[in-house]
Amino acid sequence: MEAPHYIEPLYRPPSEASSLILQVTIGCSWNRCTFCEMYTQPQKKFRFKQHEEIDRELAAVAAAGAPVRRIFLADGDAMTLSFRRLRLIMDSINRHLPNVQRVASYCLPRNIRHKSVEELAELRDMGLSLFYVGCESGDDLVLDRVSKGETFESSLRALRKIKAAGARSSVMILNGMGGKRYSEQHARNSARLMSEAQPEYLSTLVVSFPLGMDRYQAGFNGEFEPLDPPELFQEMLWLLEDLHLEHTIFRSDHASNYLVLKGTLGKDKDKLLDTVRAALERPGSVPLRPEWTRGL
Ligand SMILES: C[S@@+](CC[C@H](N)C(=O)[O-])C[C@H]1O[C@@H](n2cnc3c(N)ncnc32)[C@H](O)[C@@H]1O
Ligand code: SF4
């Protein structure tokens, strides 16, 4: 029997820390976002994994006897697989690991453009019920500058489709990605997108450039000016002010954030706004994550 054979590095959302990572594709089929270096190494060149290999890996996990409750489908956009392939994978999961309660995946809006609500609902019934959608921004200009390949409308359509299929979405928005010049429009349009989509989860990360900013600057004609912490807090204030959410679990606690925020929106909106205002107006009154502990 074969143990899961990973092509590393592996990335998964923080909330999937205890899930079995099932690598069904390698790399990212888009791989053009200028801020993202996660799948740029040669071994991560995009490809599908053979179904037979995936099935053998699931059989090996089952034979090892470890209790598996949650599975995360890797790598960067496993939802690029066809409905037929995803159904085969879900069938293998349910056959080998019948106690699995939740299967999740990253999902680009374009990954489900050609999948119907009925197909997504069938996958949901088989357990594929949570999608992490890297919207990053709701501002079309910023999305274009970073080559996300999506727009406000395409993102909203995908999020609505996920909801209509009875699945849940967890959206990532990237603070600071418009730089100083587009900070306010990035924040306000991202809030508008979230208010229209009403995702079940929303998290914000701070855009960071561990390998340098050259690639990112090219999209901004060299005029991108990163935000300093107070400017990031101001951007968070604009975002929170315009968020009109009914019941969304909000997390801004990723290691890239200076200011840790957690709550349920709308209920905790005023409390979160107070914390951000305090960080902005009374430096030192709210504990911040020291620079050296921040990371991606
Ligand atoms: C591994 S990626 C996969 C997401 C998926 N392909 C998508 O775009 O929806 C997960 C998330 O990491 C975040 N990320 C990637 N590069 C980043 C960077 N340089 N700084 C901060 N966050 C980053 C983005 O929010 C991205 O959506
Ligand atoms: S952010 Fe997502 S879509 Fe963009 S390159 Fe990274 S993994 Fe691919």
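The values are calculated or read from the model by the stated rules, or taken from the named source; none is laboratory data. Bear in mind the structure is a predicted one, so any value in this text is a computation, not a measurement. FYI the Cβ positions are ideal-geometry reconstructions off the backbone, even for glycines, and counts take in every protein chain you see. Surface accessibility is based on the protein's heavy atoms, side chains included, excluding ligands, DNA and RNA. Shrake-Rupley method; radii C 1.70, N 1.55, O 1.52, S 1.80 Å.
By the Stokes-Einstein formula, at 1.567 mPa s and 4 °C, region 82-185 with its Kirkwood radius over alpha-carbon pairs has D equal to 88 µm²/s.
Note on Q41 and M213: with the Förster distance fixed at 25 Å, the Cβ-Cβ geometry gives a FRET efficiency of about 0.85. Among the chymotrypsin sites (Phe, Trp or Tyr not before Pro) found in region 96-185, not one is both in a DSSP coil and sparsely packed, with 16 or fewer other Cβ atoms within 10 Å of its Cβ. Inter-label distance, R102 to L288: 3.3 nm, where each label sits 7 Å from its Cα along the C-beta direction.
The convex hull defined by the C-alpha atoms of the chain has an orientation-averaged projected area of 15.1 nm². Over the chain, with every protein chain in place, what whole percent of the accessible area is carbon and sulfur at 1.4 Å, could you tell me? That fraction is 51 percent.
Absence of a disulfide-compatible partner, taken as no other cysteine beta carbon within less than 4.7 angstrom, is noted in the chain for C28, C107, C135.
Accessible surface computed residue by residue for region 172-296, with neighbouring protein chains in place and a 1.4 Å probe, gives 48 Å² per residue. Spin-label model, L10/L141: points 7 Å from Cα along the beta carbon direction are separated by 4.2 nm. Taking amide H positions as modeled 1.01 Å from N, with prolines and chain starts lacking one, no residue 5 or more places away or on another chain lies under 5 Å from Y11.
Averaged per residue, region 10-83 has 44 square angstrom of accessible surface, using a 1.4 angstrom probe with ligands and nucleic acids left out. Note on the chain: GNM, Cα springs under 10 Å; of E136, E153, E52, the largest mean-square fluctuation is that of E52.
With a cut-off of 13 Å between beta carbons, the residues surrounding K271 carry a summed charge of +1, where Lys and Arg count +1 and Asp and Glu -1.
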